[in-house]
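Written below as structure tokens is the structure these notes are about.
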């Protein structure tokens, strides 16, 4: 996996979330399956989006443009 591919995968996640404005909350597994990315590729790309400040992490999940959320599990 190289930086170019991670960036392309980040675009796939971004476009998937952006294309479905009616769906405001995504389950991690559901979004990963919708993008067709492997688990390692998915999380690397999600990290890329976080680094670019394109997703926000909060107790209620990950938000995108303030309208689309990604539900994640937090472990204590």
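The values are calculated or read from the model by the stated rules, or taken from the named source; none is laboratory data. Keep in mind it's a predicted model, so treat the numbers as computed, not measured. Quick reminder, even Gly has a Cβ in these numbers, built from the backbone with ideal geometry, and neighbours come from all protein chains shown.
Scanning the stretch 18-32 for residues that are under 16 Å from residue 47 (Cα atoms) and either surrounded by 17 or more Cβ atoms within 10 Å (Cβ to Cβ) or at pLDDT 85 or above (or both) returns 28, 31, 32.
Of all the listed residues (15, 53), the sole one being modelled with pLDDT under 90, surrounded by fewer than 12 Cβ atoms within 10 Å (Cβ to Cβ) and within 10 Å of the chain's Cα centre (by Cα) is 15.
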